[in-house]
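First the structure, in the form of structure tokens, and then the observations on it.
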Amino acid sequence: MRTRRTASYLNSAVNFCLGTDILSSSVNHTELTLHQTLTTSKVKQQKCLAHLIRNADEVAAGEQSRPGRGEGYGQRVAQVFRDGIRLHRDVTMGGCTREEYAQQGEGLTLRLDTLLNRAPLKSKAKERLRLGLLKQHVLDRLWPFLKDPDIPPTNNAAERSLRTVVMSRKVSQCSKNALGAQT
């Protein structure tokens, strides 16, 4: 029962966003997962910088009382990403040319490289943040918007488009039973 309900929510979200009904098609779950893997492996991904800033700020807040080599590490990482969002806003609003955008983007990349390619940090939270960001940086998922200004650095627009689906689910009291109210 729960799987059917989850599939129904997934289907309504996909139908809303893509205009297709995946449950009425003859594709089963395994085929859909394989299809998603094959199609998304070739797609350039942009990690949402707003989420990365939140993660870095949480690490910085949790580690404030621990002095050491990595003091302020989370704050410095978050500032690089904030500067990236600000730079993207400048180019989209006409505040700088594409050449200036590319030059400043190289500067941001160098700043992030310096933060990521360093000796391991003693704090587990900071090191986990560093290694996670390093992995995404190697996979080229942190700065695709610097190469193409048409790519947004955050996923705010996508989250706003899904908000109506989530709100309608909440307003309809989920599935009108105790289990559905908890999801």
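The values are calculated or read from the model by the stated rules, or taken from the named source; none is laboratory data. This structure is a prediction, so every number in the text was calculated from the model and none was measured. Positions of Cβ are backbone-derived with ideal geometry, glycine not excepted, and every protein chain shown enters the neighbour counts.
A few comments on the model shown:
- Number of the condition not met by residue 120 [criteria: (1) loosely packed, with under 12 Cβ neighbours inside 10 Å; (2) assigned to a helix (DSSP H, G or I)]: (2)
- When residue 126 is tested against (1) outside any loop (DSSP other than H, G, I, E, B); (2) at pLDDT below 90, only condition (2) is not met.
- Filtered residue count, the range 129-146, keeping only those that are assigned to a helix (DSSP H, G or I) and either small (Gly, Ala, Ser) or in contact (Cβ under 8 Å) with a residue 24 or more places away in the chain (or both): 9
- Applying the criterion of being among the small types (Gly, Ala, Ser) and free of Cβ contacts under 8 Å to residues at least 40 places away in the same chain to the residues of the range 77-117, the residue that is surrounded by the most Cβ atoms within 10 Å (Cβ to Cβ) is 78.
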